[in-house]
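Engineer: Sharing a structure with you now.
The values are calculated or read from the model by the stated rules, or taken from the named source; none is laboratory data. If you're wondering where the values come from, they're calculated on a predicted model, not measured in any experiment. As a convention, Cβ positions derive from the backbone with ideal geometry for all residues, glycine included, and neighbour counts pool all protein chains shown. Keep in mind that these areas ignore ligands, DNA and RNA; they rest on the heavy atoms of the full protein, side chains included. Shrake-Rupley method; radii C 1.70, N 1.55, O 1.52, S 1.80 Å.
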Amino acid sequence: MSEIKHQNYETKGEFFIGEDHHHLAEMTYAWAGEDQFIIDHTYVDESLRGQGVGRKLLDQAVEFARQKQLKIIPLCPFAKSIFDKDPSIHDVLRHS
């Protein structure tokens, strides 16, 4: 599997596999203040499906949140389903 890259822009960001303008997999987020971000979309190309790529993207987002002491709001159905199933990542989950 290719390396997961991270781009962080002023109001949003993404974790992705592929080139800047051709992603084979991506997880995008939008900043919601200075200390939290919303995961709003996950995409994995057909060629990478079944290899746990979506989970690896989420793991990168969780690691980023832990390093920067941020909270995650998982609005994307994929990310929400992983948070619902895995209590080991709840330390970065924003509880309402």
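Engineer: Where nothing but the Cβ of Lys and Arg (+1) and of Asp and Glu (-1) is charged, how large is the charge dipole of the chain around its Cα centre, in debye to the nearest 20?
Structural biologist: Taking the Cα centre of the chain as origin, the dipole is about 340 debye.
Engineer: Continuing with this model, one more query. Work out the charge dipole of the chain with +1 on the Cβ of Lys and Arg and -1 on the Cβ of Asp and Glu about the Cα centre, then indicate which of Gly13, Ser2, Pro74 is farthest towards its positive end.
Structural biologist: Of the options given, the answer is Pro74.
Engineer: Could you list which residues have their amide H under 5 Å from that of Lys71, counting only those 5 or more apart in sequence or on another chain, with H placed in the peptide plane?
Structural biologist: For Lys71, whose amide H was placed from the backbone, the distant partners under 5 Å are Gln36, Phe37.
Engineer: Tell me, what HN-Hα J-couplings in whole Hz come from the Karplus equation 6.51 cos²θ - 1.76 cosθ + 1.60 at θ = phi - 60° for each residue of segment 4-20, using x for Gly and Pro?
Structural biologist: Rounded to whole hertz, the list is 8, 9, 10, 10, 10, 9, 4, 10, 7, x, 7, 10, 8, 10, x, 8, 3.
Engineer: Also, I was wondering about something else. Given the DSSP H assignment, sum -39500 (n - 2.57) over each helix run of at least 4 residues in the chain and divide by its residue total; what's the result at 222 nm in deg cm²/dmol, nearest 500?
Structural biologist: That calculation yields -8000 deg cm²/dmol at 222 nm.
Engineer: So, one more: Could you compute how much accessible surface His90 exposes when probed at 1.4 Å, giving the result in Å² to the nearest 10?
Structural biologist: The accessible area comes out at roughly 60 Å².
Engineer: Roughly how compact is segment 1-91, stated as its Cα Rg over 2.2 N^0.38 Å to two decimals?
Structural biologist: After normalising by residue count via 2.2 N^0.38 Å, the value is 1.01.
Engineer: Put His23, His41 in order of accessible area, largest first, 1.4 Å probe: what do you get? Let's see the in-between values first.
Structural biologist: Working: His23 35, His41 75 Å².
So, going from the largest accessible area down, we get His41, His23.
Engineer: To continue, here is another question. Calculate how many DSSP beta bridges within the chain are antiparallel, expressed in % of all such bridges and rounded to the nearest 5.
Structural biologist: That works out to approximately 80 percent antiparallel.
Engineer: Which one, Gln36, Gln60, Gln51, has the greatest fluctuation when you compute a Gaussian network model over the chain with C-alpha springs under 10 angstrom?
Structural biologist: Per the Cα network of the chain with a 10 Å cutoff, Gln51 tops the list.
Engineer: Placing +1 on the Cβ of each Lys and Arg and -1 on the Cβ of each Asp and Glu in the chain, which of His22, Ser47, Leu93 has its Cα farthest towards the positive end of the resulting dipole?
Structural biologist: After comparing all options, I get Leu93.
Engineer: Please work out how many pairs of lysine residues in the chain are eight or more positions apart (or on different chains) and have Cα atoms closer than 16 angstrom.
Structural biologist: 6
Engineer: Which whole-number value in Å² is the accessible area per residue of segment 8-95, probe 1.4 Å?
Structural biologist: Normalised by residue count, the accessible surface of segment 8-95 is 58 Å².
Engineer: Leaving out ligands, DNA and RNA, and with a 1.4 Å probe, what % of the accessible surface on the chain is carbon or sulfur? Each step should come with its number before you reach the end.
Structural biologist: Working: 2790 of 5840 Å².
In the chain, the share of accessible area belonging to carbon and sulfur is 48 percent.
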